[in-house]
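Here is the structure we will look at, set down as structure tokens.
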């Protein structure tokens, strides 16, 4: 699938939706997946596999797991993601989840 036209389209759409997330807001993998009618794990995979240049241009750190949880992947450091979010004004609970999760979520126009 990773080399298919369908994958390229889904990746493009995931990146487009990720780039729409304003500074200081977050969305979940599930939210993006729901917008595109794909599985949340596909969104997570696409964002986890971004190369260094893409990671520097795309606000991947603004996408979190349900409940405001930051998940670790082979290419993504949860401490870096947390730091980047904190620099944007996002606070965390003692349990490591995004504080005031509902209020921090970006709402897409098409929702």
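Just a few scattered comments:
- All positions within the stretch 55-79 that are over 17 Å from residue 18 (Cα atoms) and part of a helix (DSSP H, G or I): 67, 78, 79
- Residues of the stretch 8-29 that are surrounded by 16 or more Cβ atoms within 10 Å (Cβ to Cβ) and part of a helix (DSSP H, G or I): 10, 11, 13, 14, 15, 17, 18, 29.
- Residue among 34, 24 that is over 11 Å from the mean Cα position of the chain (by Cα), closer than 17 Å to residue 97 by Cβ and at pLDDT 95 or above: 24
- Of all residues making up the stretch 80-101, the number that are in contact with a strand residue (DSSP E or B) (Cβ under 8 Å, 6 or more places away or on another chain) and not in a helix (DSSP H, G or I): 7
- Qualifying position, being at positive phi and in contact with a helix residue (DSSP H, G or I) (Cβ under 8 Å, 6 or more places away or on another chain), among 89, 96: 96
The values are calculated or read from the model by the stated rules, or taken from the named source; none is laboratory data. Note that this is a predicted model, so its numbers are computed, not measured. Positions of Cβ are generated from backbone atoms using ideal geometry, with glycine treated the same way; all protein chains shown enter the neighbour counts.
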